[in-house]
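Asker: This is the structure I want to talk about, given as structure tokens.
The values are calculated or read from the model by the stated rules, or taken from the named source; none is laboratory data. Keep in mind that what you see is a predicted model, and the values were worked out from it rather than measured. Cβ atoms come from the backbone with ideal geometry, glycine included; neighbour counts cover every protein chain shown.
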Amino acid sequence: MLYKELVDVYEKLTSTNSKLEKRDILSDFFLVVPDEILPFVTGLLAGYVFPKWTEKELGIGPKLLLKVISKITGITEEKVEKFVYSSGDFGEGIEKAIEQKKQQTFFDIKIEITYLMDLFEKVSAYGGKGSQDKKIKYLSELFSAASPIEARYLSKTILEQMRTGAAEGIIIDAISKFSGIPKKEVEKAYLLTNDLGLIALYSKKGIEELSKLNVTVGRPLKPMLAQIGGSIELALKDIDEPEMEVKYDGARIQVHKSGDTIKIFSRRLENITDALPEVLSELKQTLIPETIICEGEVVAYKDGKIAPFQYVLRRLRRKYQISELSEKIPLKLFLFDCLLIGKRSLIDLTLKERRDILVSSIKESELVKIAENKISKDPLEIKDFYNKSINDGHEGIMIKDYLSQYQPGARGKKWLKIKRTLETLDLVIIGAEWGEGRRKKWLSSLLLGIRDEEGKFLTIGKVATGLSDELFTEITEQLTPLILEEKGKTVTIVPKIVVEVLYDEMQHSPKYESGFALRFPRVLRIRDDKDAYDSDTISRAFEIYEAQEKTF
Ligand code: AMP
């Protein structure tokens with residue numbers, strides 16, 4: 001099959017906004033794509049070359065691509081860059097550059113999809129810096145054969161900027177349509193494998209083959225998520241057989257071990273093994289089975305105490321000088337679930353059974369532990385467990401249904417979270433933005449100010465979510481007469497209206513004038529009983545920050 005045929009599909013997809021039409025275009029196309037290239041082509045349609053959880057990547061940035069295009073067209077890099085700027089889109093810029101060349105020489109070489117598949121494999125095999133020349137050689141060969149429009153889509157794919165509107169959901173709909181397999185089954189297989197290409201191929205073989213796809217070591221599954229439990233009493237109404245666990249405030253990881261190979265995936269299913277070297281080497285000692293998938297939360301420590309969540313993020317984002325940071329920000333891992341042992345998937349077992357298997361599969365150490373838990377139905381005992389968890393510096397507790405199965409990707413009522421919230425702050429609205437769409441008539445995105453000693457209001461955060469329609473209406477009514485200045489959608493407001501704001505954490509941040517930022521701020525209500533000069537001051541923010549740091 002020729003790459004040109006795929007380009008025609010991209011073009012058709014971009015020419016319509018209708019999801020149903022997009023689905024039908026894809027479904028018709030899937031039927032004619034040969035099996036050998038179906039997984040690859042599905043990925044290209046979804047906008048990637050390799051699923052993100054594989055270690056494979058092309059590692060080609062815009063600079064390298066400009067170099068290649070300049071080389072094969074004879075146009076200077078600066079000029080190619082100008083094409084890109086003037087069209088505002090990398091792909092279109094490259095298309096224009098190639099067009100110029102093609103007017104002079106035109107080689108009638110056709111790009112086969114198998115050739116492209118092969119070429120991308122080869123390019124991904126050259127990782128480091130010294131490999132640039134090889135990558136340039138392969139890409140020059142490819143782009144010399146490409147027509148202008150092919151070059152446009154190739155560049156978008158290579159730079160991971162493909163936006164054809166063929167989102168995951170539409171591809172799943174299309175797979176279900178062409179194969180005649182109910183969407184629910186296709187979705188289920190996808191949650192287990194996170195590989196659209198594989199799903200497309202197995203769906204073609206029929207429902208029986210598709211249902212053989214299961215949890216596999218090395219291939220992350222979407223994590224099961226929790227709903228907000230509200231309160232312990234409310235959570236107990238939803239769950240008959242509760243198991244409580246400490247809710248650690250860190251980052252979710254999924255660990256896959258197969259013999260000597262251990263891989264660690266993030267909640268977004270990226271391979272983050274390299275960012276966590278000390279966790280990795282400790283896991284080699286602590287995981288007993290030859291083959292296992294388990295899940296847990298990595299938590300950062302600072303000066304022996306649990307550190308706020310942003311420290312973990314710093315560790316995960318870091319690609320270089322990891323060892324330096326791992327001394328400054330040591331981590332611990334708390335495991336709470338087990339999804340596979342050997343070849344056996346555990347996700348259909350109850351949490352109780354999975355937890356028992358987890359306990360017998362781990363040799364705990366200082367760095368890798370099993371999440372602390374408690375079995376009880378007594379609200380007072382659960383409250384004690386919650387208080388202890390908070391006092392130990394954690395985020396709260398999870399209340400899980402001990403008899404529930406593991407549902408990949410689901411945010412259901414089988415896991416409920418009860419989180420610590422700090423004291424609320426009474427802050428003043430000093431600005432806002434008119435909303436869009438349904439929110440057009442409301443002042444949404446409220447800019448919050450906190451009072452300093454001189455009575456000035458310094459920005460501390462923005463809230464746009466968590467307000468009911470009634471609250472938005474009321475706030476808009478109260479704010480409208482106070483508008484000082486309007487610039488486009490943005491308005492400045494006389495500091496008068498006080499709102500009570502709930503948030504998860506107080507952070508230091510240069511983003512706002514106060515030097516603080518609130519994590520997940522929500523407006524609870526308008527404090528009609530207070531005027532701006534009764535609102536909380538910056539010194540209160542300091543106190544809260546200090547108190548919070550002590551508990552961390
Ligand atoms: P949230 O991010 O607020 O939706 O809460 C769910 C997240 O809490 C999970 O994705 C985990 O990263 C984290 N978490 C911390 N401790 C636990 C635990 N014991 N069980 C499950 N998830 C946990």
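Asker: For the list (1) acidic (Asp, Glu); (2) buried (at least 22 other Cβ atoms within 10 Å of the Cβ); (3) more than 10 Å from the ligand (Cβ to nearest atom), I need the number of the one condition that residue 297 fails.
Answerer: (3)
Asker: Let me ask another. Going by what's in this entry, would residue 99 be described as assigned to a loop (DSSP other than H, G, I, E, B) and touching a helix residue (DSSP H, G or I) at 6+ places or on another chain (Cβ under 9 Å)? Even if it seems obvious, please write down each step before you answer.
Answerer: Details: assigned to a loop (DSSP other than H, G, I, E, B): no; touching a helix residue (DSSP H, G or I) at 6+ places or on another chain (Cβ under 9 Å): yes.
No, not satisfied.
Asker: Say whether the condition of being within 14 Å of residue 200 (Cβ to Cβ), of a type outside the set (Phe, Trp, Tyr) and buried (at least 16 other Cβ atoms within 10 Å of the Cβ) is met by at least one residue in region 50-61.
Answerer: Yes - at least one qualifying residue is present in region 50-61.
Asker: Right, next: Could you give every pair whose Cβ atoms fall below 7 Å, whose first residue belongs to region 512-541 and is among the acidic types (Asp, Glu), and whose second residue is in a loop (DSSP other than H, G, I, E, B), counting only separations of at least 6 or pairs across chains?
Answerer: Matching pairs, first to second residue: 531/496.
Asker: State all residues of region 411-432 that are within 26 Å of the chain's Cα centre (by Cα) and assigned to a strand (DSSP E or B); if no residue qualifies, say none.
Answerer: 411, 412, 413, 414, 415, 416, 417, 418, 419
Asker: Please go through region 300-320 and give me each residue that is within 16 Å of the ligand (Cβ to nearest atom) and over 16 Å from residue 365 (Cβ atoms), ordered by number.
Answerer: Selection gives 300, 306, 307, 308, 309, 310, 311, 312, 313, 315, 316.
Asker: Just to be sure I understand, how many residues within region 181-230 are touching a Phe, Trp or Tyr at 6+ places or on another chain (Cβ under 8 Å) and not basic (Lys, Arg)?
Answerer: Residues in region 181-230 being touching a Phe, Trp or Tyr at 6+ places or on another chain (Cβ under 8 Å) and not basic (Lys, Arg): 15 in total.
Asker: Let me spell it out: the conditions are (1) out of contact with any helix residue (DSSP H, G or I) (no Cβ under 7 Å at 6 or more places or on another chain); (2) away from the ligand (no atom under 15 Å from the Cβ), and residue 280 meets all of them except one. Which number is the exception?
Answerer: The single condition residue 280 does not satisfy is (1).
Asker: Would you be able to tell me the number of residues in region 123-136 that are surrounded by 13 or more Cβ atoms within 10 Å (Cβ to Cβ) and either touching a helix residue (DSSP H, G or I) at 6+ places or on another chain (Cβ under 8 Å) or among the charged types (D, E, K, R) (or both)?
Answerer: Final tally of qualifying residues: 6.
Asker: A further question follows. How many of the residues making up region 433-460 are within 29 Å of the chain's Cα centre (by Cα) and on the phi > 0 side of the Ramachandran plot?
Answerer: 2
Asker: I would also like to ask the following. Considering only residues of region 252-265 that are within 14 Å of the ligand (Cβ to nearest atom) and buried (at least 21 other Cβ atoms within 10 Å of the Cβ), which is farthest from the chain's Cα centre (by Cα)?
Answerer: The initial filter retains those residues of region 252-265 that are within 14 Å of the ligand (Cβ to nearest atom), namely 252-255, 264-265.
From what's left, buried (at least 21 other Cβ atoms within 10 Å of the Cβ): 253-255, 264-265.
Values: 253: 12, 254: 14, 255: 17, 264: 15, 265: 12 Å.
Step by step, filter region 252-265, then rank; the result is 255.
For every residue, the table says whether it meets (1) touching a Pro at 6+ places or on another chain (Cβ under 6 Å); (2) more than 21 Å from residue 113 (Cβ to Cβ).
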| residue | (1), (2) |
| --- | --- |
| 168 | no, yes |
| 182 | no, yes |
| 191 | yes, yes |
| 201 | yes, no |
| 214 | no, yes |
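Okay, residues lined up against (1) closer than 19 Å to residue 396 by Cβ; (2) in the same structural domain as residue 309 (by TED's automatic domain parsing); (3) of a type in the set (Lys, Arg):
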site: 194; (1), (2), (3): no, no, no
site: 199; (1), (2), (3): no, no, no
site: 211; (1), (2), (3): no, no, no
site: 230; (1), (2), (3): yes, yes, no
site: 239; (1), (2), (3): yes, yes, no
site: 244; (1), (2), (3): yes, yes, no
site: 261; (1), (2), (3): no, yes, no
site: 264; (1), (2), (3): no, yes, no
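Asker: Ok, one more. Between a residue in region 267-282 that is not assigned by TED's automatic domain parsing to the domain that holds residue 330 and any residue that is modelled with pLDDT of 90 or more, which pairs come within a Cβ distance under 7 Å, given they are 6 or more apart or on different chains?
Answerer: none
Asker: Here are some residues: 231, 203, 179. Which one is among the hydroxyl-bearing types (Ser, Thr, Tyr) and surrounded by fewer than 20 Cβ atoms within 10 Å (Cβ to Cβ)?
Answerer: The conditions single out 231.
Asker: In region 6-43, how many are among the β-branched types (Val, Ile, Thr) and over 25 Å from residue 151 (Cβ atoms)?
Answerer: Within region 6-43, residues that are among the β-branched types (Val, Ile, Thr) and over 25 Å from residue 151 (Cβ atoms) number 0.
Asker: Go over the candidates 198, 221, 225 one by one and state the one that is touching a residue at least 40 places away in the same chain (Cβ under 8 Å) and away from the ligand (no atom under 16 Å from the Cβ).
Answerer: Checking each option against the conditions leaves just 198.
Asker: Residue by residue through region 269-310, note down the ones that are within 26 Å of the chain's Cα centre (by Cα), modelled with pLDDT of 80 or more and more than 30 Å from residue 215 (Cα to Cα).
Answerer: 301, 302, 306, 307
Asker: Out of 438, 420, 411, I need the residue that is within 30 Å of residue 268 (Cβ to Cβ) and free of Cβ contacts under 8 Å to residues at least 12 places away in the same chain. Which one? Give the derivation first.
Answerer: Working: 420 fails: free of Cβ contacts under 8 Å to residues at least 12 places away in the same chain; 411 fails: free of Cβ contacts under 8 Å to residues at least 12 places away in the same chain.
Just a single option satisfies the conditions, and that option is 438.
Conditions (1) modelled with pLDDT under 90; (2) loosely packed, with under 14 Cβ neighbours inside 10 Å; (3) within 16 Å of the ligand (Cβ to nearest atom), marked per residue:
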site	(1), (2), (3)
414	no, no, yes
417	no, no, yes
422	yes, no, yes
425	no, no, no
439	yes, no, no
444	yes, no, no
452	no, no, no
455	yes, yes, no
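Asker: Can you list the strands (runs of 3 or more DSSP E) lying wholly within region 476-524 that have 3 or more residues being within 19 Å of residue 546 (Cβ to Cβ)? Steps first, please.
Answerer: Details: elements: 483-487, 490-493, 498-502, 505-508, 516-519.
Filter on region 476-524 gives 505-508, 516-519.
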